[in-house]
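Everything on this sheet refers to the single structure shown next.
The values are calculated or read from the model by the stated rules, or taken from the named source; none is laboratory data. On a predicted model such as this, the values are computed, not experimentally measured, just so you know. Quick reminder, even Gly has a Cβ in these numbers, built from the backbone with ideal geometry, and neighbours come from all protein chains shown.
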Amino acid sequence: MKKITIKVPPKTKHLSDWRGFESKLPSGHIVLNKGVTGCGFTYWVLETCKWPTILCYPRLELGYTKAKQHPHAHIFRPEKNKKMVENPWETTTTTPDLDDLKNEVVKYVKRCQRKKKTPKILVTFDSFHHVKSALSYAHLFDRFVVVVDEMQCLFSDARFKGAVEMEFLRQLQVKNRVIYVSATPYTPGFLNNVSYFSRMTYVTLDWPTPNPYHLALHKMKSIAGTFSQILRRWRVLGFFDLRHDDSGVYFAEQAVFFINNVTQINTLITKFKLKPSEVCVLCSKEAKLAQGFKRGSAPLQGKKHKPITFVTRAAFEGVDFHHPNAATFIFANTHVDAMALDTTTDLPQILGRQRLDSNPFKYYAHLFYVDHPTLTPEEIQAEQDAIEARVQKTKEEIGLFNRQGSLDDKAMLLDLFLERETKTDHKSYLQVARNTYGVACGVVENELEHAADLRALEIRSTPYSKIYSLSQSADPLEQFIDEYCATDKFARRFKLYANLHADHPDAATVIEPRIDPRFPLYLPLVPICGYNEERIKAYLAAPQAREEAARQVKALLPPGAYSRAEVKKVLQGVYDAVGLKKKAKSTNLPTFIDGATEKRVYVEGKRVWGWVVP
């Protein structure tokens, strides 16, 4: 695989600002590593670039979002035809509904030609062949550049729909310019596992200043327990996360939770009694949500966002989030296949979803994970052997098919292989190839699925803790917030604040706008009333008694040295005299006499701990 690097001009923030960018890209079929998310490549394709373009994407959600952002583009939506969605290769795909959709594509392109506008077509990976056949029949396809956005999904999806993804690749073996794009494509070494990619040029954009993402790693015992802790912050203090630096203090009043498990999301919704008015769920259209909840969509910039957004893998690739003030929380569990994140592709993709520079949490995220014990060398070897056995089985089956002399024998084998494709437990990577019309015509190895299995083993073999450093230092402010939200007792919260103020006054200043506003005011009364709310209220309700107490204390304790016992006895007598119902402590003295200092003093010839009254 040939590799080249293209330096991005200084001060370039978005590719649409780079005049002549398209002239830098090699012709033919290439893999383009954008290097960063949020660089505006899709905007460049649909708005700036003058190439007639078919933009292919892996998720319907991504297509809908782009169609709303770029209304002049034409989106091909085969999901209008229910039968075709259920089986895209069924003969019923030639129904009038599908023919109408294909005709719409051709009419759109010809309309653009008449108006001298550049056609831009949006289509999913799965439906690309419909657009291709429509444009080819009208002799228009050869004019188009094909852009495969979020190309890493070809591999991540191959383990559950490898036949569809491999067929998409086969449909792309054309003379047109084809650009496979991602901010997180797999490395050239990995792509070499697929012969189709091994012949391409791998282009990397070298940005002057890459995105400064910050990922905080946390081990967790359970998703529900961790989510409860985060949710409690919002319900008690009005924010999910905070960060503070020299530029200021920021509170995240919205949160995006990446949890690739709809059942788990439903459990959290039910367990914590979340409301539809509080929650937006972005997931596949087939997912069944908790009662009263509907599948949502990512709001456009300037639109209202709900406080909590749940997102699954089926919805986040390539989707832009425009939350004005949202923190990002990622949950991963390598014990569950669906929740085992690929640190090479998934994490950078998630980190790049927040698009607004004004969001103070754009470049910050938390990863909570349940790690797995490292696989032993014997276990790794056993899984490698199983993968190699599937490869050998594939070669044997392809050889068997090629040795059949008659078309009838080959057709019989194809029928057997087609029937087996509906099952997930077959022991080879064999796939039936189809022609443009969806008719089975041969067999090939599904190299995408093979490569995906190799990557899945690599993920399971490498714990997150070996990839990212886990900070062991406890942030006193974070610890305070968690303990503060875990109780609703006045005395406990007030004491936590007093301790934070004593040990970390700067941290106390950061959180003061969000906690009980009485605490900073009550702090000077701790020596007198402790943390008892009733005592503080009683003390504040008797200002005349306190003034009389101060007068008497000053009269009874003129300048000099006194033992602790003497001071305590005098204070208790004064309290009783003026009607203050509280137990005296010698440490109350500075409340009545400014400058009183506790130190070693001589009383009746003995050196004891006491007080000096100035």
Which members of segment 430-460 meet the condition of being at pLDDT 75 or above and part of a helix (DSSP H, G or I)? 447, 448, 449, 450, 451, 452, 453, 454, 455, 456, 457, 458
When you scan segment 256-278, do you find a residue that is part of a strand (DSSP E or B) and modelled with pLDDT under 90, even just one? no
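If I ask for residues that are over 18 Å from residue 46 (Cα atoms) and in contact with a Pro (Cβ under 9 Å, 6 or more places away or on another chain), which ones from segment 120-142 would you list?
126, 127, 129, 130, 140
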Could you tell me which residue of segment 533-571 is modelled with the lowest pLDDT, considering only residues that are among the polar types (S, T, N, Q) and buried (at least 16 other Cβ atoms within 10 Å of the Cβ)? 552
Selection from segment 552-573 of residues that are touching a residue at least 12 places away in the same chain (Cβ under 8 Å), within 13 Å of residue 613 (Cα to Cα) and part of a helix (DSSP H, G or I): 553, 554, 556, 564, 566, 567
